[in-house]
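Have a look at this one.
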Amino acid sequence: MNELSEAWEENAAAWIEWAREPGHDSYWRFHRDLFLDLVPAPAGRTLDIGCGEGRLARDLAALGHDVVGVDVSPTMLAAARAAAPEMELHLADAADLPFPVASFALAVAFMSLQDVDDLPGALHEAARVLTPGGRLCLAIVHPLNSAGTFTERTTDSPFVIDGSYLDESVTDETFERDGLAMRFVSRHRPLQTYTELLAANGLLIERLREPALPEAGFNGEHGARWRRIPLFLHLRAVKPAG
């Protein structure tokens, strides 16, 4: 494993607790539902790239998807297996998927690509395993978000980028809320890095969204700040038939 994958394995137990606390984070409050609105209806097999402890994979399966999950963290994958023993799950790097060409009609990478060490390899592999006409749906920390920070906790706080938005960098932050703590280690990459890699692998962007933070459940100055700057970026791309 490499820098990012090693950090996520090191913090896997904390993430499992954080991710499985109902209502604790944005996944439960709004993020999952906005992302699923971008996901096509089940048709063929669905690959969850960087499935982690499996919460999205389980939600996709509940919607009728035939889900196969992969993750590079042994601890995460063990937790996913324990929660859904019937699901096909593989310990694998996103940049080295153990599947033949054109194995999946849909691939999803929900909040995982900013955490992979080899993004070019991961997007190459995602395109390789898609069938012609298949789609890739991804969610990442918005590159604007990962490049900068608010200087204060007030509603009208300036948002500042120190250094260069265009340069890649590692982000390492620990958050504590309601008695739970989680260290997030990821890589900031500008949006062009993602779009150019999609293009290089023959994937055409169909939709790109910057979901706004809803007012419900995110009241006060913290929520107001993040209704000015997007937290996440959602994208759907297609592998053209023929």
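Output ³J(HN,Hα) for region 230-242: one whole-Hz value per residue in order, computed from phi by the Karplus curve 6.51 cos²θ - 1.76 cosθ + 1.60 with θ = phi - 60°, and x for Gly and Pro.
x, 6, 10, 10, 10, 8, 10, 10, 10, 8, x, 5, x
Using R₀ = 30 Å, calculate the FRET efficiency as 1/(1 + (r/R₀)^6) where r is the Cβ-Cβ separation of D178 and E86; round to 0.05.
0.40
In nm, what is the difference between 0.36 nm times the number of residues separating F159 and R20 and their Cα-Cα distance?
This chain segment gains 47.0 nm when fully extended.
What nm distance separates the two modelled labels at A43 and I229, each placed 7 Å from Cα along Cα→Cβ?
My value for the distance between the label points is 3.9 nm.
Please check the chain for the longest run free of trypsin sites (Lys or Arg not before Pro) that are loop-located per DSSP (anything but H, G, I, E, B) and have at most 13 other Cβ atoms within 10 Å.
Maximal segment without exposed cleavage sites: 1-152.
Sticking with the crude label model, points 7 Å out along Cα→Cβ, report the distance from R207 to D96 in nm, one decimal please.
3.5
Considering only DSSP beta bridges where both residues belong to region 43-166, give the percentage that are antiparallel (nearest 5).
10
Please report, in debye to the nearest 20, how large the charge dipole of the chain is about its Cα centre when each Lys and Arg carries +1 at its beta carbon and each Asp and Glu carries -1 there.
For the chain, the charge dipole is close to 900 debye.
Counting other beta carbons within 10 Å of each Cβ, put D172, D71, D118 in order, fewest first.
The fewest-first ordering by Cβ neighbours comes to D172, D118, D71.
Dipole of region 111-242, Cα-centred, from +1 at each Lys and Arg C-beta and -1 at each Asp and Glu C-beta, to the nearest 20 debye?
Computed about the Cα centre, the dipole is about 600 debye.
Another question about this same structure. Treating each Cα of region 26-134 as an identical point scatterer and ignoring solvent, apply the Debye formula and state log10 I(q)/I(0) at q = 0.13 Å⁻¹.
The Cα Debye sum returns log10 ratios of -0.43.
Can you list the residues, at least 5 places off or on another chain, whose amide H is less than 5 Å from the amide H of A105, using H built in the peptide plane?
R45, T131
Can you run phi through the Karplus equation (6.51, -1.76, 1.60; θ = phi - 60°) for region 102-114 and list ³J(HN,Hα) in whole Hz, with x for Gly and Pro?
Karplus-based 3J(HN,Hα) across region 102-114 equals 6, 9, 9, 7, 9, 10, 10, 9, 8, 6, 10, 5, 6 Hz.
So, with +1 on the Cβ of K and R and -1 on the Cβ of D and E, and no other charges, what is the size of the charge dipole of region 102-156 about its Cα centre, to the nearest 20 debye?
280
Output the peptides 101-112, 156-167 sorted from most to least packed, where packing is the average of other Cβ atoms within 10 Å over each peptide's residues.
So the peptides 101-112, 156-167, ranked by packing, come out 101-112, 156-167.
Amide H to amide H under 5 Å from V68: which residues, 5+ apart in sequence or cross-chain, H placed 1.01 Å off N in plane?
Those lying under 5 Å, H to H, from V68 are T46, L47, D48.
Right, here's the next one. More than 17 angstrom separation, counting every C-alpha pair in region 1-73; what % is that?
Result for the distance tail: 50 percent.
Along the positive direction of the dipole of region 57-182 (beta-carbon charges: Lys, Arg +1; Asp, Glu -1; about the Cα centre), which of A84, A147, L180 reaches farthest?
A84
Further question: For region 138-173 and region 1-71, what is the centre-to-centre distance using only Cα atoms, to the nearest Å?
Cα centres, region 138-173 to region 1-71: 23 Å.
All of the numbers you see were taken from the coordinates with simple rules; none came from a lab. Since the model is a prediction, treat every value here as computed from it, not as a measurement. In this analysis, Cβ positions are derived from the backbone assuming ideal geometry, glycine residues included, and neighbour counts consider all displayed protein chains.
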